[in-house]
Amino acid sequence: MRKRHWKDRKNRKCPDCRKVIYYTRKDSFDRAVGNNTVCKSCAQSDRKLAMETIEKMKQPKTVEHKKKISHSVQKWWDDKREIDWQRLDHSN
Ligand SMILES: [Zn+2]
């Protein structure tokens, strides 16, 4: 009565690739069913896809970052020019 239908292990199919996933614990099986969890390989490719999406979303920021870099390069030139002027002052 206590054990009900739970055997040593339970399995369910991955909702993505239909691969059978085995569970040795009832609680992890129940959680997987509740969350509709995919198998390990699908979870990995999902993460890969998510990373690619994040990278794509990053791109507008990268343009802004490049602008910032060019601005700092401009500043660097300004500073350098200032230093050159100082040098000229010293040599004269
Ligand atoms: Zn899968």
Restricting the search to region 10-55, which residues are within 14 Å of the ligand (Cβ to nearest atom), assigned to a helix (DSSP H, G or I), touching a Lys or Arg at 6+ places or on another chain (Cβ under 9 Å) and not small (Gly, Ala, Ser)?
Cys42
Pairs only if they're at least six apart or on different chains, beta carbon under 8 angstrom, first in region 33-59 and closer than 10 Å to Cys14 by Cα, second small (Gly, Ala, Ser); list them, first residue then second.
Thr37/Ala43
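Read-outs throughout are calculated quantities, based only on the coordinates presented, and are distinct from any laboratory measurement. For clarity, every value in this text was computed on a predicted model and none was experimentally measured. Cβ atoms come from the backbone with ideal geometry, glycine included; neighbour counts cover every protein chain shown.
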